[in-house]
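The values are calculated or read from the model by the stated rules, or taken from the named source; none is laboratory data. Fair warning: this is a prediction, and the values are worked out from it, not measured in the lab. Don't worry about glycine lacking a Cβ; one is built from the backbone with ideal geometry, like all the others, and counts go over all protein chains shown. All accessible areas refer to the heavy atoms of the entire protein, side chains included, with ligands and DNA or RNA removed. Shrake-Rupley method; radii C 1.70, N 1.55, O 1.52, S 1.80 Å.
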Amino acid sequence: MSGCFPVSGLRCLSRGPLEVSKTVQSRNFPEVVILGSCSSLLLTLVKPHWPLMRVPKTGRRDGCAGRAAPGQRLPESLRATYREGFYNEYMQRVFKYLGEQGVRPRDLRAIYEAIPLSPGMGDLLQFVAKQGACFEVILISDANTFGVESALRAAGHHSLFRRILSNPSGPDARGLLALRPFHTHSCTRCPANMCKHKVLSDYLRERAHDGVHFERLFYVGDGANDFCPMGLLAGGDVAFPRRGYPMHRLIQEAQKAEPSSFRASVVPWETAADVRLHLQQLTHLGCLPRSLAHG
């Protein structure tokens with residue numbers, strides 16, 4: 001049962017064959033930082049002066065793309081088509097509607113580029129960047145590549161990420177923004193378009209084939225789909241759940257149900273500064289390679 005979380009309604013999560021390859025105890029291997037939630041960690045999408053539309057009875061946002069709609073509001077008939085677990089399909093319809101209203105990718109890019117980084121995120125990314133090859137940084141987002149990459153380039157941090165794993169999006173043959181699911185999977189817990197456990201598992205396996213075996217994982221997230229990858233974390237790894245959010249609550253449930261099942265350290269965060277301070281403390285305590293000490 002190692003790596004499995006016996007929480008009611010949750011499937012068993014197992015590291016499988018990755019456990020040996022990832023936890024090589026050698027200072028020659030890098031740490032990996034996974035940012036698992038774009039919308040609430042990396043980018044601030046809830047500024048009160050940014051009128052974001054909410055889907056009735058779900059609380060799911062239409063995203064900043066909704067700002068491009070006429071009157072900055074999507075029609076109720078479109079919003080009513082949202083179904084829990086099928087956000088990607090819903091946003092496909094949103095982008096199709098926006099295109100029919102004359103909204104072009106350049107219009108959406110301008111909106112994405114204007115989104116500010118969340119509090120403390122700039123300092124966190126700068127700190128990680130200063131560590132050079134000691135950290136490998138990836139982003140796993142259930143948003144879309146067009147929006148995430150546009151925002152990161154505008155903020156000057158795009159080059160920090162070795163890989164941005166998000167739902168493919170970009171101009172189609174008509175010049176309109178189109179969105180596709182990231183992959184298919186068999187996980188019964190995650191949205192149909194993306195299981196972050198599978199995304200991270202595939203990435204670690206790919207890097208192992210490249211001869212890169214990570215000494216430690218740091219996973220930062222907040223959503224329920226950020227809990228699914230927790231089965232890949234082992235002792236010495238660190239999970240950073242946003243305090244009070246679904247990922248945090250699910251971890252607490254797993255720890256209560258079977259304390260020994262969750263081996264990673266858990267460090268709740270409220271702003272990105274909390275994550276940065278913890279990484280800096282590890283550096284000062286000598287828990288990270290000495291080359292990190294200048295952070």
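When 211, 235, 231 are checked against the criterion of being in a loop (DSSP other than H, G, I, E, B) and in contact (Cβ under 8 Å) with a residue 12 or more places away in the chain, a single residue qualifies: 235. Residues in segment 61-95 that are in contact with a strand residue (DSSP E or B) (Cβ under 7 Å, 6 or more places away or on another chain) and exposed (fewer than 15 other Cβ atoms within 10 Å of the Cβ): none.
Within segment 147-164, the set of residues being open to solvent by 20 Å² or more (accessible area, probe 1.4 Å) and not in a strand (DSSP E or B) comprises 149, 153, 154, 155, 156, 157, 158, 159, 160.
If you go through segment 110-146 and keep only what is over 24 Å from residue 31 (Cβ atoms), part of a helix (DSSP H, G or I) and in contact (Cβ under 8 Å) with a residue 12 or more places away in the chain, you end up with 111, 112, 113, 145, 146.
Across segment 96-134, the qualifying residues are those that are in contact with a Leu (Cβ under 7 Å, 6 or more places away or on another chain) and among the small types (Gly, Ala, Ser), and the one among them that is surrounded by the fewest Cβ atoms within 10 Å (Cβ to Cβ) is 129. Flag: residue 244 does not match the condition of being assigned to a helix (DSSP H, G or I) and either open to solvent by less than 50 Å² (accessible area, probe 1.4 Å) or not aromatic (Phe, Trp, Tyr) (or both).
Could you please find all residues in segment 168-188 being in contact with a helix residue (DSSP H, G or I) (Cβ under 6 Å, 6 or more places away or on another chain) and in a loop (DSSP other than H, G, I, E, B)?
So the first thing to find is which residues in segment 168-188 are in contact with a helix residue (DSSP H, G or I) (Cβ under 6 Å, 6 or more places away or on another chain), and the list is 168-171, 176-177, 179, 181, 185.
Matches in segment 168-188: 168, 176, 181, 185.
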